[in-house]
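The values are calculated or read from the model by the stated rules, or taken from the named source; none is laboratory data. Treat the numbers as computed from the prediction; the structure is a model and nothing was measured. Counting neighbours? That spans all protein chains shown, and the Cβs are built from the backbone with ideal geometry, glycine included. Note: accessible area is taken over every heavy atom of the protein model, side chains too, but ligands, DNA and RNA are not part of it. Shrake-Rupley method; radii C 1.70, N 1.55, O 1.52, S 1.80 Å.
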Amino acid sequence: MSNIHIRKMRNDDLPVCMSILESWNMAPCLPSDDIPNPERTDIDVANSLVAEVNGRVVGTCGYIIHSRELAETASLAVDPLFSDAGVGARLQRARLDELYRRGILRVRTEADRPETILWYIKLFGYRIVGTNPKKHAFSREDVDCWTVLELDMNQA
């Protein structure tokens, strides 16, 4: 799909981005009695991107800067109606480009879907470095740990 436009997220994008994330069980939530330590509590608009098709937001992704050299990806999600249109790859490429411009040398990603793990490895050159237990039922509820992937930006 050639009419995908990637741009920085704006505050007014939050409702549609939350809806997209909810469709994949990846929406941030505040701590509660049921979930005292959520996987994510918010979306950092300044470190997030959106994908638009014909002016409609159809995907989102973000990142967290841990140090001058290390960043972590945060919840890439695409509207299910656009899941096979290349939106996710365009978002990921834009996210990696932005991190590279910021001088990041290593990018960590946690995923729980086998097809997504393979996607990160085959398309972007990530390698599996371990696992990390989930804090609660987030993304796939039938998987209790994340596969931790890492990308060396000098080899991407």
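Checking the a/c ratio against 1.5 first, then a/b against b/c, what shape does the Cα gyration tensor give for segment 54-151? Oblate, since a/c reaches 1.5 and b/c is not below a/b.
Taken about its Cα centre, the chain carries a charge dipole of roughly 700 debye when the Cβ of each Lys and Arg holds +1 and the Cβ of each Asp and Glu holds -1. Here the accessible area is traced with a 1.4 Å probe on the protein chains. For the chain, carbon and sulfur cover 50 percent of it.
For segment 1-56, the Kirkwood hydrodynamic radius comes to 12.6 Å, computed from all pairs of different C-alpha atoms.
Rounded, prolate or oblate, given the Cα gyration tensor of segment 1-101, with a/c below 1.5 counting as rounded? Because a/c hits 1.5 or more and a/b fails to exceed b/c, segment 1-101 counts as oblate. R56 sits among other residues whose Cβ lies under 12 Å from its own Cβ, and their net charge, with Lys and Arg +1 and Asp and Glu -1, is -3. Each Lys or Arg adds one and each Asp or Glu takes one away; over the other residues whose Cβ falls under 11 Å from the Cβ of T131, this sums to -2. For segment 1-108, the set of GluC sites (Glu not before Pro) satisfying both a DSSP loop assignment and a count of at most 15 other C-beta atoms within 10 Å is given as E69. Ignoring lysines fewer than eight residues from K122 along the same chain, the ones with Cα atoms less than 25 angstrom from its Cα are K134. So, counting K/R as plus one and D/E as minus one, what does the shell of residues with Cβ under 12 Å around D44 add up to? Local charge sum for D44: 0.
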